[in-house]
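Engineer: Just dropping this structure here.
The values are calculated or read from the model by the stated rules, or taken from the named source; none is laboratory data. Quick caveat: nothing in here was measured; it's all calculated off a predicted structure. Neighbour counts are summed over all protein chains in view; Cβ atoms, including those assigned to glycine, are modelled from backbone coordinates with ideal geometry. Each accessible area value is taken on the protein alone, full model and side chains, heavy atoms only, with ligands, DNA and RNA left out. Shrake-Rupley method; radii C 1.70, N 1.55, O 1.52, S 1.80 Å.
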Protein chains: 2
Amino acid sequence: MWKCTNCHHVELSTDKPGFCPVCGAEAEKLVPHELAGIKGARTLRNLKNGLVAESQAHLRNLAFAIKAEQEGYSQVARLFRAVAEAEAVHAFNHLRLLGGVSSTQENLESAFESENLASSTYPQFIKDANEEDNTGIATVFSYSRDVERGHAKLYKKALAHMMAENDTEYYVCQVCGYVSDGVLPDECPICGAPKEKFRRVV
Amino acid sequence: MWKCTNCHHVELSTDKPGFCPVCGAEAEKLVPHELAGIKGARTLRNLKNGLVAESQAHLRNLAFAIKAEQEGYSQVARLFRAVAEAEAVHAFNHLRLLGGVSSTQENLESAFESENLASSTYPQFIKDANEEDNTGIATVFSYSRDVERGHAKLYKKALAHMMAENDTEYYVCQVCGYVSDGVLPDECPICGAPKEKFRRVV
């Protein structure tokens, strides 16, 4: 396992990568990293696979809850939300055991780098979608690319002063994921959704 | 792509699997399945990879938010929650484009089968962890195994009558993910956590 001294990313592979897959730092920035308390390759692999599976189960249940509300099954929706929360607890346990949660300062740096990685991944997705004649999907991908850039800016701002003195609310567009900092926009600047599509995060 | 006629799981592989990876149904239960509007293998792969990445980014940001609250950075915690919600929007978009959300009846069946799969996966994880002398991690895995069984029971109950007449609240243990149906327990029957560790889901 390897830890990037530039962005704090923990790479779980046994072999040393040629560069940090998150921030792109050269190999010399990667230092050996052992997780206290994890012995053996199988346990490590199971923790990683479990994290992927539990994260997806969490999201899937949340999506099912939204669908159940739309179909008028509000009690079933509540069950889906409860189980989604349970799967999140499992995913958190795996993530912590894998050493994926550091100090808030380090987490912000790591989150900032991940957003940059995400926004640099989507251009290829958009190109592929257009070349394969999926223009609608290309549009969805382009929303994500633009939104991830905005997230990176918000993290950069937070890193500057850890936001101790602020008390800002955020509004998240439920169509494209745009995060507005303190202001409920009349319409989403990324996808054009009306303000009714925004949800306040407290 | 293949759809299981037993549990409604959509398998994204090009080659037909020998059996359904979710419910274990034999190959003859798997029928060809095309997603309306997705053309080409690269777009499909990108949607799948994007779903994995966005799901994990969502969970990671939620875990960072918990850590930030613990360290007294409540505004940073709010930013992490806002971005987590944005990543969930992206994951939902990918999931819907991949045809992963059906009717509530079908979603319940699919969720039930997934819980059974999860609870049958953990015994091997536990065995591996014990063999590699990770007894603490084996305990965490055993909590998850027991909890997933409970989720399956809750889904089965919901499938019986779609819960139209119920108005039940759920309480979720934040240590092991146990879901209590209508009652806040004095302590968690799975991991022994006190009732203060439970969160009500509305």
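Engineer: For B:29, B:39, A:156, give me the order by solvent-accessible area with a 1.4 Å probe, most accessible first, ignoring ligands, DNA and RNA.
Structural biologist: Descending accessible area places them as A:156, B:39, B:29.
Engineer: Can you list the residues, at least 5 places off or on another chain, whose amide H is less than 5 Å from the amide H of residue B:33, using H built in the peptide plane?
Structural biologist: B:2, B:3
Engineer: Give the calculated FRET efficiency between residue A:66 and residue B:5 to the nearest 0.05, with a Förster radius of 30 Å applied to their Cβ-Cβ distance.
Structural biologist: Given R0 = 30 Å and the Cβ-Cβ separation, E is 0.75.
Engineer: Which whole number gives the average, over all residues in A:64-76, of C-beta atoms from other chains lying within 10 Å of the residue C-beta?
Structural biologist: 6
Engineer: May I ask you to derive the relative contact order of chain B, considering only C-alpha pairs under 8 Å and at least 6 residues apart, and to give it as an integer percent?
Structural biologist: Once divided by the residue count of chain B, the mean separation gives 14 percent.
Engineer: If you don't mind, there's one more thing I want to ask. Under 18 Å from a point 7 Å along the Cα-to-Cβ line of residue B:74: which residues of the stretch A:143-176 have their amide N that close?
Structural biologist: The answer is A:162-171, whose backbone nitrogens lie closer than 18 Å to the label point.
Engineer: Applying 1/(1 + (r/R0)^6) with R0 = 35 Å to the Cβ-Cβ distance of residue B:160 and residue A:49, what FRET efficiency is obtained, to the nearest 0.05?
Structural biologist: Given R0 = 35 Å and the Cβ-Cβ separation, E is 0.65.
Engineer: Right, another one. Taking a label point 7 Å from the Cα of residue B:181 along the Cα→Cβ vector, which residues of the stretch B:101-143 have an amide N closer than 16 Å to it?
Structural biologist: Hits in the stretch B:101-143 for residue B:181 at 16 Å: B:108-109, B:111-113, B:115-116.
Engineer: Scan chain B for the residue whose Cβ is closest to the axis carrying it onto chain A, then write down that distance in whole angstrom.
Structural biologist: B:55, 2
Engineer: Same structure again: Find the sum over both chains of the accessible area lost when A and B are paired, probe 1.4 Å, and report it in Å² to the nearest 100.
Structural biologist: Buried area (both sides, nearest 100 Å²): 8100 Å².
Engineer: For the protein assembly as shown, what does the helix formula give at 222 nm: sum of -39500 (n - 2.57) over DSSP H segments with n ≥ 4, over the residue count, nearest 500 deg cm²/dmol?
Structural biologist: -19500 deg cm²/dmol
Engineer: Then there's this: Under 5 Å between amide hydrogens, which residues at least 5 positions from residue B:166 or on another chain qualify, with H placed 1.01 Å from N in the peptide plane?
Structural biologist: Close amide H contacts, sequence-distant or interchain: none at all.
Engineer: Using a 1.4 Å probe, what is the accessible area per residue for the protein assembly as shown, in Å²?
Structural biologist: On a per-residue basis, 44 Å².
Engineer: Per residue of B:150-158, how many C-beta atoms from partner chains lie within 10 Å of its own C-beta, taken as a mean?
Structural biologist: 3
Engineer: Between residue A:19 and residue A:169, take the C-beta separation as r, use R0 = 41 Å, and let me know the FRET efficiency to the nearest 0.05.
Structural biologist: So, using R0 = 41 Å, E works out to roughly 0.60.
Engineer: Okay, next question. Which whole-angstrom value gives the distance between the alpha carbon centres of the stretch A:121-163 and the stretch B:42-95?
Structural biologist: 14
Engineer: Further, regarding this structure: Could you give log10 I(q)/I(0) at q = 0.09 Å⁻¹ for the protein assembly as shown, computed by the Debye formula over C-alpha point scatterers of equal weight, without solvent?
Structural biologist: The Cα Debye sum returns log10 ratios of -0.55.
Engineer: Sticking with this one: With the Cα gyration tensor of the stretch B:1-146 in hand, convert its eigenvalues to equivalent ellipsoid semi-axes via √(5λ) and list them largest first in whole Å.
Structural biologist: In descending order, the three semi-axes are 31, 25, 13 Å.
Engineer: Separate question: Give me the percent of the accessible area of the stretch A:118-202 that comes from carbon and sulfur atoms, probe 1.4 Å, all protein chains in place.
Structural biologist: It is 49 percent, rounded to a whole number.
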